[in-house]
Amino acid sequence: MNFDPRAFDIVQGVGTWLKVMGACAILVLVASLAASFGLGLGGPVRVFRQLFSAIRDISEISLRRVWALAVLTAREAIRRKALLVFGLFAILFMFGSWFLSGGGEKADIQIERHVVFVFTAISWLVLPVVLMLACWGIPEDIKARSIHTVVTKPVRRVEIVLGRMLGFTLITTLVVGVMGVAGYIWIDRQISREAHGQLLCKVPIYGKLSFLDRQGQPASIGINVGDVWTFRSYIEGSTKATAIWDFERLSEASLMPISTKDQGETRGLRVQTGFESFRTHKGVMNSGLLCQLTLVNPATSLRVPLPAFEVAEYRGDANVTPVPATLTYYDSEARKSKTVDLVKDVIADGKLKIEARCLNGEQFLGMARPDMFIRTADRHFAVGFFKALSGVWLQAVVIVMIGVAASCFLKGPIATLMTFAVLIVGQSFRTMIDKIVSGDQLGGGPFESIYRMVTHLNQTVDLDLSKTVTGTIKWTDWISQQGIWLVQQTFPNFSYFGMSPYVAKGFDVDFRAAILPSFAVALAYFIPCVLLGYFALKLRELESK
Amino acid sequence: MNRLTSRQRKLVYLGVIVVLLAPIIILGRPKSGTGATADQGVLAQMRTRYDLGENQLGQVDPTSAAMNLVLLGFRGIAADLLWSQADENEQTKNWAELRANVDAIIMLQPHFVRVWQFQGWNLAYNVSAAWDLVADRFYWVKEGAKFLKKGRDINDKIAQLPYEEGRVLGTKIGRADEWKFYRAYFKKDPNEEAFKGGPDPELNPKGTDNYLAAKDVYLVANELQKARPDTIQMLDVLFRSYPYRSQLNYADALQREGHFDESSQTAWEEGYREWVEKFGQEKFYGPNGPYHLEMSEHDMGDMAEAQGKDVDAFTRWVLQMQNETRYPYWKFRSQAESAKLMVDAHKLIYDGEKQFVKGNLSTARDLLFRGMTLYEQLFAKYEVLTSDDEALEEAMTAVYYWQRILKLEFKPIPAQFPLSVVYANHQGILPLIESRFKRETGQD
């Protein structure tokens with residue numbers, strides 16, 4: 001898995017949402033109008049009447065009634081023994097430690113395993129429970145006819161949908177909250193004393209990465225050393241090959257208390273790296289490859305080389321280079337030592353360039369964008385932990401919304417299957433669908449694939465057809481890809497909700513890369529789910545079990 | 001059709017369940033108390049007799065058993081998914097999750113020996129090689145060994161697993177490129193915080209040498225192999241030689257580390273005694289009847305005749321087995337290593353190489369030359385040494401270092417020098433010696 005937090009583009013997100021919502025709304029409206037002609041010429045009028053009535057219903061929502069329904073829903077969930085899930089959770093945690101703790105395990109591995117265990121346990125227990133609750137609530141009410149006692153009261157259908165969603169969300173909040181607190185205490189108690197120091201949340205400032213090749217010419221990526229995983233690319237030692245990070249938004253506030261050999265306790269930047277070593281020969285086995293960082297002022301091009309350090313591969317926090325606020329370095333051109341002020345002389349308008357080079361000949365250092373960051377003040381482990389927990393909670397809330405909406409027009413088992421399918425597709429098949437939609441999938445779209453299969457044509461060979469036929473196939477594929485794109489967009493992207501890797505790797509959860517998109521996705525599904533549930537409940541025959 | 005009410009039907013089902021349960025309980029009743037199998041049910045007795053019960057394979061882990069039951073018939077699918085995840089995590093260097101995947105896999109397949117074998121080897125050899133720092137590499141070698149140790153606890157009747165663990169403790173730690181560090185770390189773990197400057201007690205509770213720890217594990221493997229020889233594919237003579245080879249390797253490693261004192265001498269003597277008196281006297285069964293390795297050709301003839309077997313076939317087989325285990329070589333070597341001439345030659349060459357690294361070229365040249373002279377005498381005295389790879393490597397390395405010194409001193413290499421014939425005849429191993437020289441000295 002590539003751990004590379006990228007900020008979510010909210011403008012693009014809203015744009016996509018409007019496009020998908022608009023397309024879906026137009027499709028539904030056109031289909032409804034077409035179907036309404038079956039009722040005669042008055043049909044379309046009835047469609048618009050329903051629409052106006054919906055606007056009235058929505059504008060007259062009573063929060064009091066919604067809350068009352070939510071409380072009833074929560075009570076019903078408790079009556080259905082939803083809280084028994086705590087029992088399973090307790091059993092898991094009572095025995096989990098038997099299989100997780102190993103004597104002398106590396107601190108970071110220990111933390112990662114425990115955090116992943118807690119989040120997996122919570123997700124796996126909470127999601128099926130809320131899925132079942134949400135999908136079976138309304139169908140059971142309809143079956144038992146208890147919904148009549150509600151709909152005959154002055155309650156709007158939209159309030160029933162909202163009340164259900166809110167009620168299950170309350171239960172979800174309680175379950176996730178209790179499990180989260182228990183999980184947090186459990187991790188805190190299980191982690192060995194030696195590893196406790198690493199139980200924190202780093203707050204990184206990431207830069208933009210670019211490369212120079214071995215001749216010193218700009219390159220988009222470094223060298224591929226044959227690693228199957230292409231996340232990192234490599235720079236060759238003792239050549240001009242350089243990796244350059246451009247940082248922005250640095251200021252006096254980015255300086256932290258640090259400790260250096262020469263200056264002792266002082267203030268400065270903490271530059272953390274996480275490079276990978278690749279050796280073409282063993283070299284000096286018992287020491288890491290040497291790396292040198294050079295600070296460059298982007299405005300004045302002032303270069304300040306830092307002392308070389310040994311790369312401690314995969315050792316995370318062992319690779320922190322303290323950069324004091326007052327730097328003394330040897331200027332090889334002027335042939336004398338110079339002293340500069342980091343904030344005034346090296347950082348220009350909050351911008352700083354840091355270059356990394358490998359010093360060992362015939363050896364390579366591998367790097368990706370998140371492999372260098374400026375580490376600002378660490379936060380308490382609880383901060384990241386509970387932020388990541390909000391991801392599980394939000395995912396459960398989305399499941400509740402989809403489940404409730406589905407249960408308004410489907411029976412319990414079918415609604416469960418549908419919501420489960422949405423969960424699985426949103427969680428696991430995103431990458432595959434992305435490839436199909438973007439056209440990166442080998443062998444082209446559906447029509448091209450059918451042609452290739454029938455004629456046994458290899459995926460990598462060009463189509464052996466005339467230009468017109470090829471063009472037609474490609475065009476129909478493009479059309480169908482737009483359809484697949486629309487379908488893909490209707491499935492929630494659950495990848496944002498998995499925030500546990502942040503905490504497991506000792507980072508605070510990034511707001512713009514994880515929390516913001518998660519809330520955006522939840523909000524994006526709230527409106528269509530409420531509308532879908534409302535219309536389904538409003539238009540369906542409640543006597544039909 | 002059916003006149004029974006729902007409740008009545010349920011009661012009927014319950015009754016049928018109870019009726020069916022009774023014979024299952026009677027037939028499959030497990031043994032109670034410590035007595036013989038008399039009070040066991042027939043099925044349970046048969047299970048014991050034919051070694052069919054899960055507990056016959058080793059310990060039964062309750063969590064693992066519970067997990068397999070919960071998965072119903074999906075154990076295979078779950079295991080497949082975990083294998084593919086483990087693969088993905090290894091490729092993407094997600095080590096913590098890889099370790100968790102491996103643990104989960106063995107929960108599902110606790111008695112699938114190949115899984116233990118493969119994953120133990122994967123951790124000790126592949127994952128360790130993916131790390132850069134020697135201490136980190138050692139950590140993963142240990143993880144591999146610990147994994148195999150856990151495997152043999154759960155499968156305590158399988159000889160293959162202690163054998164694999166022995167290979168990691170012995171060969172991997174003692175023969176990897178990083179062997180000097182690994183051997184030291186085995187006694188003094190680099191994780192000072194956790195092990196307070198001592199060894200990792202899980203693998204080395206006695207704080208002993210890695211080869212001696214391996215020897216203990218190999219002895220366990222031999223015991224299991226004796227009880228169930230059919231579980232091992234390897235030749236029995238070869239499989240059973242490992243504990244004794246470990247003792248010899250221990251002695252050899254002491255010398256590689258520059259211990260030319262009583263400790264190495266005692267180790268060689270102990271090695272000789274065990275090789276000849278224990279291993280050499282073990283009875284093996286060949287196609288022509290029982291034999292042991294400590295036999296001269298004359299003894300072989302006598303034994304074949306006494307058993308009424310074809311003398312040629314019998315002798316051929318035993319000689320072949322002696323060659324497979326390099327029995328005569330190790331017997332001779334352990335004997336010769338105790339000889340003063342041999343010890344002196346080793347010491348001179350070892351000291352010469354050390355002096356070279358320190359930059360004392362003339363002292364190194366002198367020590368190496370004297371070592372080479374003694375080695376030439378050894379080759380003349382013990383012909384078997386001329387076909388011994390390790391002796392040849394040591395001799396060639398001495399000459400290589402000596403010639404490098406002459407080059408550095410701008411002196412010509414004489415046409416004739418001690419071991420010149422050996423050096424000329426074994427140019428094929430020079431690349432190996434060059435790369436070792438580069439590694440040891442940091443020079444090109």
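Bear in mind that the values in this text are calculations on the coordinates, not laboratory data. If you're wondering where the values come from, they're calculated on a predicted model, not measured in any experiment. When we count neighbours, we look across all protein chains shown, and the Cβ atoms used for this are built from the backbone with ideal geometry, even at glycine.
Between residue B:198 and B:189, the built amide H atoms are under 5 Å apart, and every one of these is 5 or more places off in sequence or on another chain.
Altogether, the Stokes-Einstein calculation at 20 °C and 1.002 mPa s, with the Kirkwood radius of the protein assembly as shown over Cα pairs as Rh, returns a diffusion coefficient of 61 µm²/s. Computing FRET efficiency as 1/(1 + (r/R0)^6) for residue A:377 and residue B:196, where r is the C-beta to C-beta distance and R0 is 30 Å, gives about 0.35.
3J(HN,Hα) couplings calculated from phi for region A:442-456 with the Karplus curve 6.51 cos²θ - 1.76 cosθ + 1.60 (θ = phi - 60°) are, in sequence order, 4, x, x, x, x, 5, 4, 4, 4, 4, 5, 5, 5, 8, 6 Hz; Gly and Pro show x. Note on region B:221-264 and region A:160-191: Cα centroid distance 57 Å, given to the nearest whole angstrom.
The alpha-carbon of residue A:344 sits under 21 angstrom from the alpha-carbons of these lysines, leaving out residues fewer than 8 places away in its chain: A:336, A:353.
Taking a quarter of the surface of the Cα convex hull of chain A gives a mean projected area of 34.4 nm². Here the spin labels are modelled as points 7 Å beyond Cα on the Cα-Cβ line, and at residue A:228 and residue A:88 they lie 3.3 nm apart.
Angle of helix A:42-59 to the longest C-alpha principal axis of chain A, folded into 0 to 90 degrees and rounded to 10: 60°.
What is the Cα centroid distance between region B:290-311 and region B:144-169, reported in whole angstrom? Their Cα centres are 36 Å away from one another.
About the Cα centre of the protein assembly as shown, how large is the charge dipole given +1 on each Lys and Arg Cβ and -1 on each Asp and Glu Cβ? Please answer in debye to the nearest 20.
Value, rounded to 20: 4980 debye.
Other protein chain C-beta atoms within 10 Å of residue C-beta, averaged over A:312-318: 3. For residue B:282, the residues whose amide H sits under 5 Å from its own are B:293, ignoring neighbours fewer than 5 places away on the same chain, with H placed 1.01 Å from N. Pairs of Cα atoms nearer than 8 Å and 6+ residues apart set the relative contact order; for region A:232-367 it is 43 percent.
The value of relative contact order for region A:420-545, using C-alpha pairs under 8 Å at least six residues apart, is 25 percent. Using the Karplus relation 6.51 cos²θ - 1.76 cosθ + 1.60 with θ = phi - 60°, the per-residue 3J(HN,Hα) values for region A:339-351 come to 10, 10, 9, 4, 6, 7, 9, 9, 8, 10, 6, x, 9 Hz, with x marking Gly and Pro. About the centre of its Cα atoms, region B:114-233 shows a dipole size close to 320 debye [charges on the beta carbon of Lys, Arg (+1) and Asp, Glu (-1) only; nearest 20 debye]. Compute the long axis of helix A:85-100 from its Cα atoms, compare it with the longest principal axis of the Cα atoms of chain A, and write down the angle in degrees, 0 to 90, nearest 10. Value to nearest ten degrees: 30. Between residue A:80 and residue B:230, the FRET efficiency estimated from the beta carbon spacing at R0 = 45 angstrom works out to 0.20. Could you list log10 I(q)/I(0) for chain B at q = 0.06, 0.13 Å⁻¹, which the Debye formula gives when each Cα is one point scatterer? The Debye formula, applied to the Cα set alone, gives -0.39, -1.27.
In this structure, the amide hydrogen of residue A:331, modeled 1.01 Å from its nitrogen in the peptide plane, lies closer than 5 angstrom to those of A:336, A:337, A:338, counting only residues at least 5 positions away or on a different chain. Report relative contact order for region B:114-233 in percent, whole number only (criteria: Cα-Cα under 8 Å, sequence separation at least 6). Across region B:114-233, relative contact order equals 26 percent.
Packing-based ranking of B:84-93, A:153-162, A:108-117, A:37-46 yields A:108-117, A:153-162, B:84-93, A:37-46, ordered from highest to lowest mean Cβ neighbour count within 10 Å. For region A:306-340, applying the loop criterion from DSSP together with a ceiling of 14 other beta carbons within 10 Å to the trypsin sites (Lys or Arg not before Pro) yields A:335. Each of residue A:7 and residue A:251 was given a label point 7 Å from its Cα along the Cα-to-Cβ line. The distance between the two points is 1.5 nm.
Across peptide B:121-133, the average count of Cβ atoms from other chains found within 10 Å of a residue's Cβ is 3.
Across region A:470-476, coupling constants 3J(HN,Hα) worked out from phi with the 6.51/-1.76/1.60 Karplus curve, θ = phi - 60°, read 4, x, 5, 4, 5, 5, 5 Hz, and Gly and Pro carry x. Would you be so kind as to identify all helices of chain B, as entire DSSP H runs, whose Cα atoms reach 18 Å or more along the helix's own axis and whose mean Kyte-Doolittle hydropathy is at least 0.5? Length and hydropathy pass: B:6-28, B:95-108.
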